[in-house]
Amino acid sequence: MEGRPATAGSSLVGLPAAVAQWTKLITRAEAQRLDPDKFAVFSKILFVKHPLPPSIIAELLLRPTTDNHEALDPRVPLYLQHLLKQRRVDTASVLKALFKYSTIHTKIHPESEDPQPKDDNANAPTRKKLIRWTTSYSSEAILFWRLAQTVNQGIGIKSGRDVVEISKILVRWMALFTEAAAVFSQDAFGSMHSLHAKLEMERSRESFIMFLNAFSASPKVPTTFQIPAAKAIRKQLSQNLEAFLPSIMQVNPAIANQLEMFRAQSLATYDSAEKKDAAASDMNSYMDNLMVLDNFQVPEIPIVNTRAGLYIYLSAALVGRPLIDDVALFTYLHNRYGGDIQQAAVQLILASFDVLANAVFRNEGAKAGHLLKSFVVNKVPLVLVALAQSSPLYTFNPELCITEALGQVDTNVFPTFSGMFDMSSNTGSSFQDSVRQDFCFACQLHGLLSQTAIENLLGDITYQTLPDEGRYVKDILVQSCLQDSDRTRKLIGELDNMNGNVGAAAQAVVEVIGSLCRNKETMALKQLCSQLASKPLSLDILLLFSPAQKIIHPLCELIDNWGGYDEEQGEYQPVYEEFGSILLLLMAFAYRYSLSPADLGARSPDSFVGKLIAGGHCVRLLGDLSPQEHSHLNGWIQGLFAEGGLGDELGDELGDELMASCPPQDFYLLMPVLFSQISVAISAGLLNEETLKSGLEYLVEVFLLPSLVPAILYLSNQLWAEGPVCQKSIMKILQLLIRPNSISNEASAMFQSVLNIVAKPLEHALRSYQRSDPKAQEVEPLLRAIKENLTVSRRTGGADHVELESWTTTHGNHTPGNAGNGHPLPGSLPDTNQQPAQKLDGGILAAIRHTIQSLVNWVQQAPLNGNTMPTAYTHRQALAAHKLLGAKQLLTVLLDELKILTESGQGSVAYDVVTSLICAPDVINDTSLASSNPPSNETGATFAAPLPSIQRRLSLREVLKHEADDWKKIQKSDPVLAETVVRLYRQVEAQMELPQTAVAGLLGQPDMVGGLGVVAGDALDNAMAAAAQGVVGDSVPVNVGVEGMTIDTTGLGGVDNHDVDLGSAAGSAIGGPGGDLDGDNIFGGLPNLVGADFDSGGLEGGGTWT
């Protein structure tokens, strides 16, 4: 019947003719860009005359040719979609053809892509070499996803025969991906090209996982596997799935767990009784492991709290978005130093100066070091006062602690007052010169030091004094700001100060913005948001003293719940201006710190913020727009570029009409489509330069300026992907946008805020375009225009390409014991096609080993007085290694290095270094914002239900726990490694343990910056007296007088977040908002994979240009 697929028994007499006809149809369809619906009609007619089996049709569509073997035509998946519906091809045939020509084969066997079978007959005909795709990853990702959809809809699997055939090819695909993962893990660190290929393969595998999950959920599968005849393929599928799961466990743990349940319940259930007994035995063994782990005796090694430990922790907390969560910090300090707050205070001061000194000698610059300097001067004194208030069980002399710590701080980097004028200093930097003095006076402001002590510490009589306004009190500041809006603007200007008052100022600003958001006082909010958006470094300071969700979530709620126009609305431009200014600050947070919509507090799928941040830089096809969106688009195009538009005398009236009919939310979401149309119109010669300049100048007005963020991000994306003609059009647009001829002073300040957001992804796109066209003269002026913006564009914790290149090209040079490779832990990927040992020990593996050795050597070689510079360290390297290697392989390297250093007698120091690396906050894998409670109003009612648990990568701590649970299995093959794993696990858990009663009083205080009114001097006596009053219960909020610090008791879960970011925003792939090489949502842009068609007469979808 017509609706059924042709079988192998179809008439084979005319097979060559049928193949020729189908080849002709497919070739012409691709060449003429035939519409998929028309292809479906032609294929139906052709199938009646020339039927072919599904496997042949699928292969004809999916095979490369001598003319095109680079990548699959983007229309082929659409053609296949129709053929699947008609049942001309089936799921198994598509999977087989994809497998046959996949690029992955060439990566696994680069020398012999299609090995010839050995034949003793010399006269046997030579088999023709098989051509495979140069890059098939994207097309595989699309087709796996579409096949998963057909299976979910009940179309992809119709019978038990389909289940068996699909299972056979799934076995081969899983083996291929497993082997590829093993090869890439050994060879992915030699070049950026290899890294890119690895990431592309992972995206294809991610889509395959989606299909595999859909297959496992099909109701036909378990009923088919009950049949005895399916026993062999069921067993084979179970074995391959078991080998495949470890490679995806840390990529997508939720689906991996579902597939493991499928394997255990639908595949292993039908195994023999012997298999069941073996499984029960394994489970019993696992339970035995759990029960006796606490009783496992390992030889004691005295582990010391080194100077490197807290240095690593603070470096990690400040490498990207500030993650100085007060609860986590106090818990860590209490656990690490066993409640000895005197020692904790000394080491905290010392580590803070070490982190700043490291930034100085790494030449990270004053802007990168601004946050670190503010942490030392403005945050650390508050932590010291909080420690003084924490418990009556321990004596605490802050003056003694500060004196002891500063005595170990290098005076060459942080000079005394007289040393600041020493011309022999050769640090090459000056922004840190006054830090020692600023820190001392901040401590005096908070009653930690006396004037006499400062003179003794600095060695001179200084001319610096305490702030004239005394110590700020947050509550008083908030009341003052609510009564006088100018006071808030002044406080924002004071966030750059280094006087000890910034904590209270920052918290007051956050409180005021939250209050204005709740009360929807958008006019006052507009000014504050514009001011903050123009100062990216001040955003760091706000997050240093307040939880990010306290300012970001109210802004998101306000934007998402932005009401329509009032019935008596006279002007619409002020509404656009207020909306844009507030949104600009939210975008500044989102892109500077690479925050996802969930991080921002977008809880609903209809959230405007969610749509803008996740896909606001992606263009939609004109056919996908609603009639209302079409009307808005045509209105703005006509208004901007037609005669009598916004640039003419009646422009204001026309602008009001446009803004009245088009709410600002709709306008911002239309920006990629609008600029897509502008680009195509320029390419087609339908828009002259004078008209273009006039229209774009209107977009540089204050009330429309923030819309250039999604516009420029879209243009940056397209500069990666488009051909030369479109690239020229995009460059013409960018020249007019980035270097406008005329702009007002107010607009100029906001324009710099826009450039701060888009600078990084724009630079990546311009550099890429420059490499493709070295003679292009228009690139350098644009790069010069954004040069100053680049230094403040991103703070994500991601490594840039220069750092990645240096780490991935590191050569192995193992001094202690020359150990070579780390031995894989039980359960790691199969050791197939293993490269020589020196290959595995190079790249980022060697860089990590070298870093650990440097930290250990620095601690051991420090002089007795401790006056030494810290070893060079950036936590970006650990984050990059976590991303590239995965938590399991990175832990393998750490454990192997720990074993070697312990055998060489350096274990007491090495354990502290490795423990700190595992305990350190992870800004890229952090989900604390997304998993926090939804915002609530004054009555306590929440605005939206919380989202499901956020998927994230496995952390080092989680993988270490898994290995500790399997200590018996490890012990059988390597007893020393088992001891190392358990000892390290216990050390990590001891430092990450939740707070007990010793710090309950401190952690129970909801606001630690409440209300010290004293200015200086005798405050220390008051602090000590308050500490003697006893431990405060968790439920009693008590002000302890530390202005500028908040304890957020919702943040105890530790710190986790997401991939190697080359300085990008919340983008997905190359061409995302920041030219990032990664992204977790690989399907987010699928509708954009096929571009709109334009005929010679104009634009598709309504003839916008005339």
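The values are calculated or read from the model by the stated rules, or taken from the named source; none is laboratory data. Predicted model only: the values in this text are computed from it and were never measured. Neighbour counts are summed over all protein chains in view; Cβ atoms, including those assigned to glycine, are modelled from backbone coordinates with ideal geometry. We work out accessible area using only protein heavy atoms, side chains counted, and drop any ligands, DNA or RNA first. Shrake-Rupley method; radii C 1.70, N 1.55, O 1.52, S 1.80 Å.
Before moving on, here are some points about what is shown:
- Surface accessible to a 1.4 Å probe, T791 within the full protein complex, Å²: 80
- Ordered by 1.4 Å accessible area with all protein chains kept, K775, K85 run largest first as K775, K85.
- Measuring with a 1.4 angstrom probe and ignoring ligands and nucleic acids, I738 comes out at about 10 Å² accessible.
- Counting every alpha-carbon pair across region 657-741, the share separated by more than 17 Å comes to 45%.
- Accessible-area order (highest first, 1.4 angstrom probe) of the listed residues M731, M992: M992, M731
- Listed residue pairs exceeding 32 Å between alpha carbons, taken from K235/K888; K100/K158; K100/K732; K535/K611: K100/K732
- Solvent exposure of E788, expressed as accessible area, is near 120 Å², computed with a probe of 1.4 Å over the protein chains only.
- Simple label model, 7 Å out from Cα along Cβ direction - T134 to R172, nm: 2.6
- Using the Cβ-Cβ distance between N257 and S626 with R0 = 41 Å, the FRET efficiency computed as 1/(1 + (r/R0)^6) comes to roughly 0.55.
- 3J(HN,Hα) from dihedral phi, region 908-919, Karplus parametrisation 6.51/-1.76/1.60, rounded to Hz, x for glycine, proline: 4, 7, 4, 4, 5, 5, 5, 4, 5, 4, 6, 7
- With the biggest extent put first, the Cα atoms of region 702-766 measure 37, 21, 17 Å across the principal axes.
- Too-long pairs where the Cα-Cα distance tops 25 Å, listed order kept, from K38/K129; K526/K550; K49/K220: K38/K129; K49/K220
- Förster radius 51 Å - calculated FRET efficiency between Q32 and Q239 (Cβ-Cβ, nearest 0.05): 0.60
- Förster-model FRET efficiency, 22 Å R0, A721 and S806, C-beta, rounded to 0.05: 0.15
- Three-way shape label, region 445-573, alpha-carbon gyration tensor, a/c 1.5: prolate
- Counting every alpha-carbon pair across region 191-242, the share separated by more than 17 Å comes to 54%.
- Once the convex hull of all Cα atoms in region 731-793 is built, its volume per residue stands at 76 Å³.
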